[in-house]
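Here is the structure we will look at, set down as structure tokens.
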Amino acid sequence: MSTLTPENDFERFLPRLVAAYDRGLLVPFIGAGMSFDTCPTWSELVAGLMANADANSGEKSAGGNSKSTTDVLESGADRVPADQLVQRANRAIRTLARRSPDALSSALRGVLYPKGKHAVPDKTRALAKLWWPLVLTTNYDDLFTRAYVDARKQDGGPKYPSFADKYGEQRLTVIGREPQDCRRVLSSLDSTGRSILWALHGYMPREEETDALTVEASPSLREQLVIGHEEYRRIAHGSNQYRRAFAEVYRRRSLLFVGAGLRDVYLLDLFAEVQELYGPGPHPHFAMVRKGEADLEFLRTRFNINAIEFEEYADLAGYLDRITASVYQGDNRASAWGFRSETDAESLRIVHASLPESGYGGNEAVVVSAGFSGPLPFVDPALHGVVKGACTAFFAAEDAGTLREDHGVFVHDCARTREQGTCPVAAVIPWVDQWTRDLRLIGDSATKAFEWASRNGFTHLRMPLLGAGKTRPFAARFSLAEIVRAWGRWRRGDRTSAEAALRLTIHIIGLPVLFELTSGRINVPELLASSDLRFWIEVPNGRGDVDREPVFYPEDATLGSIAAAFRLATTEWGVEVEPEPRAGSSLTTPVALEPTQTPQTLREIGVLPGAT
């Protein structure tokens with residue numbers, strides 16, 4: 001029998017962590033250890049607040065001597081039980097709150113971000129390299145949001161592919177315990193919108209904005225800080241909606257506690273409440289804890305939390321990097337999905353692979369996405385190998401002028417075109433102009449590609465995601481959804497036997513799109529079979545809250561008809577759509593629901609499955 005050690009514990013758990021990530025189940029839970037070295041520990045934070053509270057009152061700190069915040073932080077706070085720290089914090093924040101309206105915020109920010117300490121720890125950067133739909137945190141700081149933004153602006157270095165290429169711009173929303181926030185968290189368990197950082201105990205960023213274009217955080221989060229006994233008591237006994245939302249996340253996901261000591265009695269009581277209500281959950285939880293900071297047997301037997309010990313917080317970066325590398329490696333992961341229509345034959349296949357550069361058959365065609373080089377269509381040079389592999393008679397790929405239009409599809413004027421009348425390579429352009437991509441054009445462009453392939457006698461069409469390059473203003477999953485919907489519409493039409501023989505293979509390479517498929521968040525059969533749209537409607541209810549409702553509507557439904565169904569006065573309301581179908585379009589500002597204007601349909605304003 002082998003001896004269990006922290007090292008082989010991690011090796012045993014690593015495949016389960018990766019499998020949970022692939023299924024969309026793994027959710028990080030960030031504790032104070034992830035901010036260690038830049039921000040103070042919990043005990044140091046409390047000591048710093050106490051020093052601030054006592055500074056102008058003439059009182060002495062808990063140790064019996066009056067100390068400055070710097071003195072307390074440099075000497076380190078006494079290691080006292082968490083519940084006693086909460087009681088001491090309660091005294092400090094009551095004193096600060098009664099001093100002036102901004103005294104508490106100012107003191108907390110001063111202690112949270114010591115002068116001269118600005119670097120984001122390596123362990124936090126390692127966690128932010130992966131794309132996470134949901135992250136939980138009890139920290140107040142902005143270190144994860146800063147790391148999140150940086151990871152999507154920079155390459156991952158030689159160890160990882162370019163994160164910009166893999167993920168594109170993924171936005172992050174920081175939310176708290178408000179009822180509408182809890183509902184948004186629960187919605188994220190089944191459908192993907194912006195990535196969410198659920199700040200359970202409030203959020204206190206630096207004075208300057210982290211990145212207004214990428215990170216969205218409500219100022220009300222500063223009013224949801226949980227530091228002292230009074231706040232802990234309030235969320236323990238008065239925040240039923242928050243506690244139920246947390247219970248649902250705890251039950252339906254595998255939490256990965258990183259940097260959390262798991263000694264907080266308030267947090268353990270919350271876990272215990274879920275266990276008593278629901279019993280043991282179907283998914284195991286995991287924790288990376290510093291040696292000696294947790295009772296591993298207690299966590300495993302009572303809360304189904306399987307812990308991995310490490311020596312120092314600096315060790316966390318290596319473990320998290322291993323998880324990221326294993327996710328990219330993708331062993332034992334589903335890589336292809338096949339779907340059949342009214343016959344037994346498979347008509348649609350989605351594969352996680354680049355377009356091949358060789359091995360094409362005589363009846364295979366390729367359609368790629370093109371852009372503009374000036375006024376003319378332009379195929380990305382990265383696709384030239386694919387183009388040449390699909391058409392051995394192709395030449396002068398770099399010359400944009402060799403593309404000619406054929407019913408909205410651009411084909412190459414190559415030797416095969418002149419000899420046989422058909423080139424197996426074509427391009428579509430889901431662009432409004434040289435600078436502007438439009439999500440609403442992807443479905444139409446895909447349909448034109450299907451018609452072109454069928455018209456020219458091809459029986460197998462391959463294509464990557466259309467319009468999904470780096471400059472797109474929307475997540476790549478929407479491109480996949482639009483292609484699948486277009487294929488479903490085209491197959492449902494009156495097709496000749498020759499047209500019905502066409503098969504489609506969609507090639508995806510981005511990890512987030514693969515994640516959507518492996519986790520079941522993209523419902524391909526529904527997109528193929530349904531002609532209407534399933535999306536979310538959010539309506540402010542006048543009570544400081546938002547009513548959020550899932551709905552089904554035909555895409556030609558007008559805004560006026562929807563406003564009438566929701567009993568909205570058209571002269572008083574407007575509508576905004578997320579994601580924006582086109583960056584910089586008029587839809588970035590509210591569209592008025594005026595009764596005299598031409599009725600606008602859902603399709604016209606860019607509402608798609610999964611939109612809000």
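The values are calculated or read from the model by the stated rules, or taken from the named source; none is laboratory data. Predicted model, so just to flag it, every value in this text is computed and none were measured. When we count neighbours, we look across all protein chains shown, and the Cβ atoms used for this are built from the backbone with ideal geometry, even at glycine. Surface areas here come from the heavy atoms of the whole protein model, side chains and all, with no ligands, DNA or RNA. Shrake-Rupley method; radii C 1.70, N 1.55, O 1.52, S 1.80 Å.
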*Pick from the stretch 317-342 the residues that are open to solvent by 50 Å² or more (accessible area, probe 1.4 Å) and in a helix (DSSP H, G or I): which of them is farthest from residue 462 (Cα to Cα)?*
322
*Restricting the search to the stretch 422-464, which residues are crowded, with 18+ Cβ neighbours inside 10 Å, charged (D, E, K, R) and assigned to a loop (DSSP other than H, G, I, E, B)?*
438
*Can you tell me which residues in the stretch 122-145 are open to solvent by less than 10 Å² (accessible area, probe 1.4 Å), within 15 Å of residue 316 (Cβ to Cβ) and part of a loop (DSSP other than H, G, I, E, B)?*
130
*Kindly indicate the residue of the stretch 100-117 that is within 9 Å of residue 39 (Cα to Cα) and of a type outside the set (A, V, I, L, M, F, W, C) and also modelled with the lowest pLDDT among those meeting that condition.*
117
*Among residues belonging to the stretch 290-316 that are at pLDDT 85 or above and of a type in the set (Phe, Trp, Tyr), point out the one that is surrounded by the most Cβ atoms within 10 Å (Cβ to Cβ).*
303
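Can you spot a residue in the stretch 252-260 that is touching an Asp or Glu at 6+ places or on another chain (Cβ under 8 Å) and buried (at least 19 other Cβ atoms within 10 Å of the Cβ)? Break it down stepwise before answering.
Quick first cut of the stretch 252-260, residues touching an Asp or Glu at 6+ places or on another chain (Cβ under 8 Å) only: none.
Taking every residue of the stretch 252-260 in turn, none turns out to be touching an Asp or Glu at 6+ places or on another chain (Cβ under 8 Å) and buried (at least 19 other Cβ atoms within 10 Å of the Cβ).
Using the structure shown, decide if residue 155 is modelled with pLDDT of 75 or more, acidic (Asp, Glu) and either out of contact with any strand residue (DSSP E or B) (no Cβ under 7 Å at 6 or more places or on another chain) or surrounded by fewer than 21 Cβ atoms within 10 Å (Cβ to Cβ) (or both). Steps first, answer last, please.
Values: modelled with pLDDT of 75 or more: no; acidic (Asp, Glu): yes; either out of contact with any strand residue (DSSP E or B) (no Cβ under 7 Å at 6 or more places or on another chain) or surrounded by fewer than 21 Cβ atoms within 10 Å (Cβ to Cβ) (or both): yes.
For residue 155, the condition - modelled with pLDDT of 75 or more, acidic (Asp, Glu) and either out of contact with any strand residue (DSSP E or B) (no Cβ under 7 Å at 6 or more places or on another chain) or surrounded by fewer than 21 Cβ atoms within 10 Å (Cβ to Cβ) (or both) - is not met.
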